[in-house]
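The values are calculated or read from the model by the stated rules, or taken from the named source; none is laboratory data. A quick note: this is a predicted structure, and the numbers were derived from the prediction, not measured. Methodologically, a virtual Cβ is constructed for each residue, glycine included, from the backbone with ideal geometry; neighbour enumeration extends over all protein chains shown.
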Amino acid sequence: MRKYNLAKSLFAGNRNLYGSGGGPPVNFKSLESSVLELPASSKAIEKPVEIELDQSKRDYLHVVAGTPGSEIAAGLFAKRM
């Protein structure tokens, strides 16, 4: 059985947060949110995260500052210090 660490996580823009089965085309079944309890350090929001798409900005391909996800420095690449 797989175990996942959901601490300090942001789930954004997901239609189905929990599910079981072999994948969407096979036998995916959405599960109620009561199946898994998120730790206090994690949250789920309906709106997708906003990614900076301006290549001239230092935070290109990172979550836009001040929006959900930016507080955990989410992005595709490590930020330069």
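Under 9 Å by Cβ, and 6 or more places apart or on different chains, what pairs join a residue from region 38-66 that is on the phi > 0 side of the Ramachandran plot with one that is exposed (fewer than 11 other Cβ atoms within 10 Å of the Cβ) and modelled with pLDDT of 90 or more? Once the first residue is on the phi > 0 side of the Ramachandran plot and sits in region 38-66, its partners that are exposed (fewer than 11 other Cβ atoms within 10 Å of the Cβ) and modelled with pLDDT of 90 or more give LEU61/LEU53; LEU61/GLN55. When you scan region 56-69, do you find a residue that is touching a strand residue (DSSP E or B) at 6+ places or on another chain (Cβ under 8 Å), small (Gly, Ala, Ser), modelled with pLDDT of 75 or more and not in a loop (DSSP other than H, G, I, E, B), even just one? No, region 56-69 contains no residue that is touching a strand residue (DSSP E or B) at 6+ places or on another chain (Cβ under 8 Å), small (Gly, Ala, Ser), modelled with pLDDT of 75 or more and not in a loop (DSSP other than H, G, I, E, B).
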